[in-house]
Amino acid sequence: MNDNNNALKSVAVSSFGETKVDDGFFVLTYKNDTNAVQNIEKDINSDYIQFHFCIKGLSKFIFNEGRYTLNIQEENSLLLYNPQRDLPINLEVDPNSWIVSVLISIKKFHGLFSQEADYISFLNSDNKDKKYYKDGAITPSMAIVLNQLINYNLNQSIKSLYFKGKAYELLSLYFNRNEDTNVEQCPFLVDETNVIKIRKAKDIIIARMAEPPSLQELADEIGLNLKKLKEGFKQIYGDSVFSFLFDYKMEVARKLLEAGDDNVNEVGHKVGYSTSSHFIAAFKKKYGTTPKKYIMSLA
């Protein structure tokens, strides 16, 4: 990474974060919640391995001044490494797309696997000086960590420590994805059709968060029995259906309050609370403060 030219350029305002978690180790988060394509440019030198994860939406990497492009689609990852030349990030991020990138120097990265270099195919003696490219799917366990990184909402003083732990967790999950133990520990996920149904269940409760179906209605709608819905949702999203929905509703409420277009009652109604007192109690349970105090803290 070129320390003298680290500036990030974006055509419009969006949520961008860069966190240094260690020497030669960075985590970048980018949320484009606008309706316009956003551009990110960042100089990265040849010492760095790049891991890019598209949590949602679509993004496009542009190389050689536009002569070559590479898409990274929703729930997919991309690993890029070329010891022979710098690989600057030139990324077009589609509307409503989220990206997390991990940049780690080859020296730092090799230290993580010094006893296991042959296990990481692009680090073995035959390949260590060759360029490397790999795409793949984001596993459910990786998706949980990625969402924790991009929706970070804790005290800024512990951000570096938190990101360091999550970045290491993410890399360990990335390189463990082909292990048979993953399948044994999570037999539900062997059946891809069930995974699709569970994702559909998540989409349904989000779309109808103000008046969500009951668990039984949800199970009937996606064509799974109640037990498989509950078990599968927990395994993929790390939480029960309604606990996940509660967190989602509170996050939507927080963003609506920040936008300032609705009062507390209106925000509560939009996320499914018939009375403001129930909404205020729920918001305080999640964030430890009332909606009104939260709005005042933004001023």
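Residue pairs whose Cβ atoms lie under 6 Å apart, sitting 6 or more positions apart in sequence or on different chains, and linking a residue in region 33-59 that is more than 23 Å from A143 (Cβ to Cβ) to a partner that is modelled with pLDDT of 85 or more and assigned to a strand (DSSP E or B), are V37/E92; N39/E92; D47/S105; Y48/L103; Y48/S105. Assessment of region 198-221 against the conditions (more than 30 Å from G272 (Cβ to Cβ), aliphatic (A, V, I, L, M), in a helix (DSSP H, G or I) and at pLDDT below 90) yields no matching residue. Considering the conditions (1) part of a helix (DSSP H, G or I); (2) under 18 Å from D247 (Cα atoms), G272 is excluded by exactly one of them, (1). If I filter region 175-196 for residues that are open to solvent by less than 80 Å² (accessible area, probe 1.4 Å), of a type outside the set (K, R) and at pLDDT 90 or above, do I get at least one hit? No, the conditions are met nowhere in region 175-196. Residues in region 152-167 that are in contact (Cβ under 8 Å) with a residue 12 or more places away in the chain and surrounded by 16 or more Cβ atoms within 10 Å (Cβ to Cβ): Y152, F163, K164, K166, A167. Among the residues of region 285-296, what is the count of those that are within 15 Å of N263 (Cα to Cα), open to solvent by 60 Å² or more (accessible area, probe 1.4 Å) and not β-branched (V, I, T)? Total satisfying the criteria: 3.
Within region 13-35, the residues that satisfy the criterion of being open to solvent by 50 Å² or more (accessible area, probe 1.4 Å) and of a type outside the set (D, E, K, R) are V13, S15, F16, N35. In region 234-279, of all residues being among the β-branched types (V, I, T) and under 26 Å from the mean Cα position of the chain (by Cα), the one that is surrounded by the fewest Cβ atoms within 10 Å (Cβ to Cβ) corresponds to V252.
The values are calculated or read from the model by the stated rules, or taken from the named source; none is laboratory data. What you see is a predicted model, and the numbers here were worked out from it, not measured in a lab. As a convention, Cβ positions derive from the backbone with ideal geometry for all residues, glycine included, and neighbour counts pool all protein chains shown. Side chains included, ligands, DNA and RNA excluded: accessible areas come from the protein's heavy atoms. Shrake-Rupley method; radii C 1.70, N 1.55, O 1.52, S 1.80 Å.
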